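Student: The structure under discussion is supplied below as structure tokens; questions concerning it will follow.
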Amino acid sequence: MDLGVSLQFPKFRNLQPRIYQHNGTRKILLEDPLRLKDEVLLLPASLAPLLMLCDGSRDIESIRRILQMHFEVSIENAELLQFIKGFDNMLLLENLNAEEARRSALEQYRSLPYRAILSAGNSYPADPVDLHAWLQDMLEASEVNPDPDPGCGLLSPHIDYQRGGDIYAGAWKRAARMIADADLFLLLGTDHHNGRHPISLTRQHYATPFGILPTDQPVVDRIANRLGEAVFAGELFHRGEHSLELILVWLSHLLGDRRVPVVPVLVGQLPPSAAGEAGHPEVAGEIVEAFQEAFAGRQVFTIISGDLAHVGPAFDGDPVDDPARATIRAADENLLRLLSMGAGDEFLHKIEGDGNIHNICGVYPAYLGMRWMGSVHGEITGYSQCPADDQDASLVSVGGMVFKRR
């Protein structure tokens, strides 16, 4: 039987496996960040080595032998083949089936009048009246006052509003008058699923319950003309990424009836320089130069969407006790201090030097934002550690900040 190269030498796509407790048993949850299919797949924990072995270099018989010899997993070729066929049916393998599905999904995404709302009814109310009242209540409850002076940027969380509402409110309320001066918003959001592309652009407008915020397509095209069409290689990640949507809802709320254009950018992992130099100056520098050309003559306000630490069992770590919380808070406050000083390089060096031990998810949007804004100083508007599991043994920390030119 001819299985085809993709099944005979299976290779997983860029997935995000994680440990999952199912009926008291540890499983490996395989989820497709591109959402080519909405289903997820639970793999027995004993077969976790498959994630490493299915790299396109081994046939099924070789994979079976390695599982038995090195991992003491006994499985027949026929049973292993069924798993491989299941991966293929789920479009989890890197092959023509998945590529055709990706092209079809991208065509469908681009054919829509806007990027569809993802998180309404989950992270925030779907009804615009209820949402307006809820956001307004949070703003009014915040003790932060709007800054009367001009500003150039904002650091906002992208955690759900239930847990991070007070931090959102403090940052957005402080920046309210700054936002009123802008005629274009640059949105730099964490790309949680895409580590292959430094930035991913889209020409699609973004929908919110309050209406559509238009993407400035000519500006996007100017960036692409400078950097190349590779900036759209990860465009489909916009469809399932929440980091931009959750800040666009707040932006739309503060803008009211104004429909100021935006440039939504998902920021993946910026590679080091060709010489291996920390700080990623080459790629970031090219992106900044493209922004400078594309935004010439515009009053741009930059919004960085990024959370801080993700620690505890929910993120495959040890339970967090009070001393650990204090350690994490001290580390977070140091990172926020570096951003407030405009010290983007030091911010990045600190995180990468520690191996990002606290799983900071807003590293590269913040770094790129600092490189783009240049000489700035920031004011911290809030900080919080939010529970991330029912046992309160895990946390996600978030902070807010506004930036002004020096």
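Student: Along the charge dipole of the chain, Cβ charges K/R +1 and D/E -1, which of L339, G285, H193 sits furthest on the positive end?
Tutor: Working it through, the farthest residue towards the positive pole turns out to be G285.
Student: Also: If each residue of separation counts as 0.36 nm, what is the full-extension length gain between M52 and D316 once their alpha-carbon separation is subtracted?
Tutor: Details: separation 264, 0.36 × 264 = 95.04 nm, distance 1.84 nm.
So the extension gain works out to 93.2 nm.
Student: Gap in Å between the Cα centre of the stretch 143-160 and the Cα centre of the stretch 311-383?
Tutor: Using only Cα atoms to place each centre, the spacing works out to 18 Å.
Student: Still on this structure: Note down the magnitude of the dipole of the stretch 5-105 about its Cα centre, charges +1 on Lys and Arg C-beta and -1 on Asp and Glu C-beta and zero elsewhere, to the nearest 20 debye. Don't skip to the end; give the middle numbers.
Tutor: On the way: 13 positive and 14 negative charges, 46 e Å.
Computed about the Cα centre, the dipole is about 220 debye.
Student: What's the FRET efficiency of V40 with D127 using the Cβ-Cβ distance as r and R₀ = 41 Å, to the nearest 0.05? Write out the running numbers ahead of the final one.
Tutor: Details: r = 29 Å, r/R0 = 0.70.
Once rounded, the FRET efficiency stands at 0.90.
Student: So, one more: What number, rounded to the nearest 500 deg cm²/dmol, is the helix-based mean residue ellipticity at 222 nm of the chain, given -39500 (n - 2.57) per DSSP H run of at least four residues and division by all its residues? Can you show the working numbers first?
Tutor: Working: 15 runs with 162 residues, N = 406.
The helix contribution divided over the chain gives -12000 deg cm²/dmol.
Student: Could you identify which residue out of A230, A309, A366 has the top mean-square fluctuation in a GNM of the chain using Cα springs shorter than 10 Å?
Tutor: It is A230.
Student: Hey, another quick one. Which of A224, Y367, S142 sits farthest toward the positive end of the charge dipole of the chain, with +1 on the Cβ of Lys and Arg and -1 on the Cβ of Asp and Glu?
Tutor: Checking the options against the dipole of the chain, the answer is A224.
Student: Tell me, what is the FRET efficiency for R325 and F71 to the nearest 0.05, using R0 = 30 angstrom and their Cβ-Cβ distance as r? Let's see the in-between values first.
Tutor: Numbers: r = 37 Å, r/R0 = 1.23.
Step by step, r from the Cβ atoms, then E = 0.25.
Student: Then there is this: What ranking do 215-221, 318-324 get when scored by the average of other Cβ atoms within 10 Å per residue, highest first?
Tutor: Numbers: 215-221: 17.7, 318-324: 12.7.
Descending packing order for the listed peptides: 215-221, 318-324.
Student: Taking Cα atoms, how many degrees apart are the long axis of helix 322-340 and the longest axis of the chain, rounded to 10 and kept between 0 and 90?
Tutor: 60 degrees
Student: Apply 1/(1 + (r/R0)^6) to the Cβ-Cβ distance of N145 and A230, taking R0 = 45 Å, and write down the FRET efficiency to the nearest 0.05.
Tutor: On the way: r = 43 Å, r/R0 = 0.96.
My answer for the efficiency is 0.55.
Student: Also, quick follow-up: Taking 7 Å along the Cα-to-C-beta vector as the label spot, tell me the E352-N23 distance in nanometres, rounded to one decimal.
Tutor: So the label points at E352 and N23 sit 4.6 nm apart.
Student: Sticking with this one: Please give the contour-minus-distance gain from E333 to Q136: 0.36 nm per residue of separation, less the Cα-Cα distance, rounded to one decimal in nm. Walk me through the intermediate numbers first.
Tutor: Values: separation 197, 0.36 × 197 = 70.92 nm, distance 2.79 nm.
Additional length available on full extension: 68.1 nm.
Student: With an 8 Å Cα cut-off and a minimum separation of 6 or more residues, compute the relative contact order for the chain in percent. Each step should come with its number before you reach the end.
Tutor: Working: 751 pairs, mean separation 71.1, N = 406.
For the chain, the relative contact order is 18 percent.
Student: Per 0.36 nm of contour for each residue apart, how much would the distance between Q16 and S62 grow if the chain were fully extended, relative to their Cα-Cα spacing? Present the calculation step by step, with values, prior to reporting the outcome.
Tutor: Numbers: separation 46, 0.36 × 46 = 16.56 nm, distance 2.42 nm.
Contour length minus Cα-Cα distance gives 14.1 nm.
Student: Let me ask something else about it. Output the 0 to 90 degree angle, nearest 10, between the alpha-carbon long axis of helix 161-174 and the longest principal axis computed from the alpha carbons of the chain.
Tutor: Between the helix axis and the principal axis of the chain, the angle is about 30 degrees.
Student: Right, another one. Which one, A309, G240, T215, projects farthest toward the positive side of the charge dipole computed for the chain from Cβ point charges (K/R +1, D/E -1)?
Tutor: T215
Student: Taking the chain as a Gaussian network, Cα atoms linked when under 10 Å apart, which of T190, T327, T25 shows the biggest mean-square fluctuation?
Tutor: Highest fluctuation of the listed residues: T25.
Student: Right, something else. Would you please classify the overall shape of the chain from the alpha carbon gyration tensor, given that a ≥ b ≥ c denote the square roots of the eigenvalues, rounded means a/c under 1.5, and beyond that prolate means a/b larger than b/c while oblate covers the rest?
Tutor: On the way: a/c = 1.77, a/b = 1.54, b/c = 1.15.
Prolate, because a/c is 1.5 or more and a/b exceeds b/c.
Student: Rounded to the nearest 10 degrees, what's the angle between the helix 281-294 long axis and the longest principal axis of the chain, both from Cα atoms, 0 to 90?
Tutor: Helix 281-294 and the main axis of the chain meet at about 50 degrees.
Student: Could you give the nm distance between label points at Y114 and Q292, where each point is 7 Å from its Cα heading toward the beta carbon?
Tutor: Reported label-point gap for Y114 and Q292 is 3.5 nm.
Student: To the nearest 20 debye, what charge dipole does the chain have about its Cα centre, counting +1 at the Cβ of each Lys and Arg and -1 at the Cβ of each Asp and Glu?
Tutor: In debye, rounded to 20, the chain gives about 660.
A short reminder: the numbers here are calculations on the coordinates, not readings from a lab. What you see is a predicted model; the values in this text were computed from it and never measured. Quick reminder, even Gly has a Cβ in these numbers, built from the backbone with ideal geometry, and neighbours come from all protein chains shown.
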